[in-house]
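Just so it is clear, none of the values below were taken in a lab; they were calculated from the coordinates. Not measured: the values here are computed from a predicted model. Neighbour counts are summed over all protein chains in view; Cβ atoms, including those assigned to glycine, are modelled from backbone coordinates with ideal geometry.
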Amino acid sequence: MSGVREIAFDTETTGFDARGDDRITEIGCVELLDFLPTGKTWHAHVNPQREISARVTEITGLTEAFLKDKPLFEDVADGFRDFVSDSPMVAHNADFDRGFINAELERADFDPYPRTRFVDTLVLARQKFPGASNSLDALCKRFEISLASRSTHGALIDAELLAKVYLELKGGRARSFDLNNEENVVEVVLGAVKKRPAPLASLLTAHEQSEHERFVDKVLSDNAIWKRSADY
């Protein structure tokens with residue numbers, strides 16, 4: 001394994017206009033190491049300082065009353081930036097999340113993140129499944145990833161689902177093993193095999209064993225695979 005750290009993340013917002021009046025209401029981040037979640041996450045609700053439409057509340061479950069006493073983005077920006085650090089950032093439809101994150105960072109007097117920092121799982125999915133529905137929900141269903149934990153679109157829940165989808169798009173759990181390396185394959189296989197402390201006793205009688213050997217000699221002659229030379 002190469003020890004590559006990435007951050008799967010998602011944002012919830014008041015709308016679609018990152019450079020206009022819309023603002024982030026929630027951010028969720030999941031740390032990945034070699035495509036696998038480490039268990040470390042970062043999450044914050046954010047006061048957008050504006051009204052929230054009924055449609056947004058229906059989708060995200062977030063209301064003005066719930067968010068009014070939450071911190072502003074500028075108050076959580078340091079925590080977010082520290083968690084992300086210099087790691088690549090994985091998002092579904094990354095241009096949307098990048099647009100909102102960068103708009104908020106600039107309003108808080110921080111430098112925006114370059115486009116090259118972002119990995120877009122929507123682009124990866126379209127390359128892998130051209131012409132198919134590639135929403136996060138559709139990908140979860142395609143990869144048989146349970147959506148039971150999600151009743152509304154929450155940033156951290158969606159980031160956790162995204163982490164699972166990203167792993168599958170990169171080759172699944174087998175991707176975390178270097179299967180091109182014969183020594184690694186042997187180590188993985190042997191590690192899964194438990195040797196018996198004592199071999200099981202044969203259930204064959206002496207007569208049955210003798211009859212079996214006679215049958216093999218008569219029918220298979222020297223073609224039995226276990227009789228072939230080790231150099232075959």
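Some notes on this structure:
- Amide H contacts under 5 Å for V119: M89, V90, A91, restricted to partners 5 or more places along the chain or on a different chain, H placed in the peptide plane at 1.01 Å from N.
- More than 24 angstrom apart: percent of Cα pairs within the range 5-176: 33 percent
- The phi torsions of the range 43-60, fed into the Karplus equation with coefficients 6.51, -1.76 and 1.60 and a -60° offset, translate into couplings of 8, 7, 8, 10, 6, x, 6, 7, 5, 10, 6, 4, 5, 5, 4, 4, 6, 9 Hz, rounded to whole numbers, with Gly and Pro shown as x.
- Sequence ranges 200-212, 34-46, 74-86, 142-154, ranked by mean other-Cβ count within 10 angstrom, highest first: 34-46, 74-86, 142-154, 200-212
- Treating r as the C-beta distance of R126 and D21 and R0 as 30 Å, the FRET efficiency rounds to 0.45.
- By the rule of a C-alpha distance below 18 Å, with chain neighbours fewer than 8 residues away ignored, the aspartates and glutamates paired with K128 are D120, D137, E144, E168.
- Dipole of the range 5-176 computed with +1 at Lys/Arg Cβ and -1 at Asp/Glu Cβ about the Cα centre; of P114, N47, Y166, farthest Cα towards the positive end is Y166.
- Extension gain, D69 back to E208 (0.36 nm per residue minus Cα-Cα distance, nm): 41.9 nm
- Nonlocal amide H pairs with T25, under 5 Å, H built at 1.01 Å: E12, T13, T14
- Ranking F66, T11, H92 by how far each Cα lies toward the positive end of the dipole of the range 5-176 (charges on Cβ) leaves H92 at the top.
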